[in-house]
Each structure stands twice: as structure tokens, then as C-alpha cells.
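Report on one structure; see the data block that follows.
Coordinate-derived values only; no laboratory data. The model shown is predicted, which means the values in this text are computed figures rather than measured ones. Counting neighbours? That spans all protein chains shown, and the Cβs are built from the backbone with ideal geometry, glycine included.
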Amino acid sequence: MQKFDAIRPFYDSEINDAILNVVNHPMMKAMMNFTFPDSADEVWKEQLRKTHSIRDFQCNFIYHTIQKVLEKSSDGLTTSGFEKLEKGESYLFISNHRDILLDTTLLNVCLFEHGLVMTASAIGDNLVKKDFLNTLAKLNRNFLVQRALSPREMLQSSKTLSEYIGHLLQHEGRSVWIAQREGRTKDGNDATNPGVLKMLGMGSDESNLMDYFKKIKIVPVSISYEYDPTDVLKIPQLMAEANNEVYIKEKNEDFMTLLSGVMGPKKRIHIHIGDVLENELDTIKNEFDNSNKQVQALAQAIDDAILKNYKLWPTNFIAYDILNKTDQYSHLYTENEKSLFERRLEMRIDAENPVALQGILDMYANPVVNKLKYNNEFKS
């Protein structure tokens, strides 16, 4: 399958050589010292040198790294819906996107703990420009989504990507994770980009696109963080957009965001697994002949599932009430939770800057607005 070589993760036969190339890298040392603080370097290095598969690398190292991240930077991870998935089955998980690394890594922790097939996961090549990060991504079964291409190159790249995803799902029995849109949501509005679905559809081997999507088993995933550790890092882009300016990232911005997402405080986290989309696809197929309209309807069906099952936290209701100058949802948070949230705002943004304040409050309040379309009321 040489056509996928530019984007695929390592094969198991390549794992040991890749590990030997980075075992002495300072970033590997930092990661392993964080993960195994009581172990001498030689202990984890020896274990790494004996690793010959992605699964071993994920289960013996990454799993423990993420457990340590949760212990140090969160108040715990809860889940719902995993019981609906069948052992040994592959699924296409389409998820809202809040954090560069954790959205997919936390999903895989949960899949592993439930004895389910873990995913190959999409990651933008702009996020792994550093050699070590590129190697780590490929060791962790990430495949690359190529960015910054000409329109002609983008078309070919999308076709290759869609064929690779189809190959994983249908021929390797490997689940796949992909975000519902390119880039994380900056304003708290989770919405599926139909372009992502069109790209996925390029790999279709069915005459009707909905039959293909039914075959590869789409599962919408909702992930929510009580505190977004990168909330303040999203403000410069929101401010540029508010001023109709083109936002240009700083040189190491993606890397700093990636680190902040992993190590920044999150409080509670919840992942919900939606139902496999089946009846929805039948309805769409019967209702629309035009493939563009089918894709739009499918994007809406995915949004419905993600938003309906999105876990709201006190931070969301607090932001909604502050923004709307109301106490409508005060029964869903304590005074202490509100003062902590307000203190966090004071520490992280210039309260005299109305655009920044609006941006960060929208980020937390919009999930409430969106869920109100499905719930008339929220009870404590």
C-alpha cells in the first residue's frame, strides 16, 4: 500500500527502529519522567527497546502517560454510551473538537478499558513539524491530514486520505477518529463541516453515498471539558476575526497550544458515545436524491447527536448567566463555583477588553444555547 506511505502511521515492523531513534531524545525523557517518576531512566528505556508494536507502545506507555495527565490536571474522566459498541467491530468516530491531542487520546483510553478496537486518528501535518512529534504521532497510530496545499494537490490529497480511511475501516478492521471540522472550535459552537463528509465520501465504493456511510458505521462522539485549558489561547484569533483581520499564527503557537491542552487544568471531562447512525441514513437516502443535500442532512444528523449528548458543566451555565445578565441557571451551580470562574476570568484576560470577555464567555455559554434546541429545561 505504498500510495499511503506519506500519511500512514508506522507498521509494527517499523516500530522498534523508530523507538530506538528517539529513545534518548530529551522530549522522550521528559515524557517518561513525567509518566514514571519513580523509575530510573534505564528501566523505561529498556522497556521501550523491547517494544515492537503500536499496541504495546500505547498500552505500556501512552496509556500511563494519559492516566498521569488526568491525575495531575483534571478531576476525572466520566463516560457514557460505550456499552453500545461491539467488541472486535470497527467504527468511524466523528467527534467535536476541543483539544488537539486529548480528544482522540482520551477516547482511545476508554476504548482500551472497554476492550474495544482502538482508533487510527487524523492529525494535521502542521501539528507535527518537529521530528520528535512526527515520530510520536506515528507511534501512536496517527495518520496525517496534509494542509497548506494548492487546490489541485488538496483534491488528490483528500482522495488519498478518504481511500486510506476506507481501507482501515473495511480491510484492516481498524476504527478511525476524525474531527467534525478542521481545527478546534474557538467559540463553543460545535458544527460538522460538510467538506469533511465529502472528503470521506470520496472513498465510497457504493453507488449511493449513504449506503457507504452506513457500511463504515458512523458514531458521533461528544467530548466536553469543564474548563478548556486553552480557552485564553483562542482569544487572539477571535479578536482578529472580530476586527475582520486575517489571523496569522505565531511560530510555535500550535506546539504551545498542544502542551497547554495536555497540562492545563480541565476539572471534569466527559465523553459520550452516540448511537451508530443507521435509520438516519435510510431517511436521508429516501428523502434526497442530490448527494450535496444528502451530505448537508448527514452533517445536521451528526450535529444533532453531538449537541444533544454534550455534557454541560457549571462553567457553561455560569457563563450563560453572566452573558445574559440573568440568574436563570443559578440552581445548577454554587456561589463558590461562580466566584472561581470569575476569578479565572480575571486572571486570564483583560476584563477591560470587551471583545476578549465576550469571546471567552461565548466559548462556555454557546454549548448551553445549542443544547436548548433539544432540551427545553435543565434540572439540577
Original post:
Stretch ASP38-HIS25 to full length: gain in nm at 0.36 nm per residue minus the Cα-Cα span?
Top reply: 2.7 nm
Original post:
What are the ³J(HN,Hα) values, in whole Hz, obtained from phi via the Karplus relation 6.51 cos²θ - 1.76 cosθ + 1.60 with θ = phi - 60°, for each residue of region 266-277 in sequence order, with x given for Gly and Pro?
Top reply: 10, 6, 8, 10, 9, 10, 10, 9, x, 6, 4, 6
**OP:** Starting from region 21-77, pick out the chymotrypsin sites (Phe, Trp or Tyr not before Pro) whose DSSP state is loop and whose Cβ has at most 15 other Cβ atoms within 10 Å.
**Re:** none
Original post:
Where a ≥ b ≥ c are the square roots of the eigenvalues of the C-alpha gyration tensor, would you call region 38-158 rounded, which needs a/c under 1.5, or, failing that, prolate if a/b is larger than b/c, or oblate?
Top reply: oblate
**OP:** For GLU172, put the label point 7 Å out on the Cα→Cβ axis and report which residues of region 73-110 keep their amide N under 19 Å from it.
**Re:** 88-95, 104-109
Original post:
Where in the chain are the DSSP H helices whose alpha-carbon span along the long axis reaches 24 Å or more and whose Kyte-Doolittle mean is at least 0.0?
Top reply: 354-371
Original post:
Around ILE218, which amide H atoms from residues at least 5 apart in sequence, or from another chain, sit under 5 Å from its own amide H, with H modelled in the peptide plane?
Top reply: LEU92, LEU277
**OP:** Divide by every residue of the chain the summed helix terms, -39500 (n - 2.57) for each DSSP H run of at least 4, and state the resulting mean residue ellipticity at 222 nm, rounded to the nearest 500 deg cm²/dmol.
**Re:** -15000 deg cm²/dmol
Original post:
Roughly how many nanometres apart are two label points built 7 Å out from the Cα toward the Cβ at THR78 and SER339?
Top reply: 2.5
Subject >> Of SER157, SER95, SER121, the one that fluctuates the most in a GNM where the chain has Cα springs shorter than 10 Å >> reply: SER157
Original post:
Expressed in nm to one decimal, what extension gain is obtained for the pair ARG152 and HIS64 from 0.36 nm per residue of sequence separation less their Cα-Cα distance?
Top reply: 27.5 nm
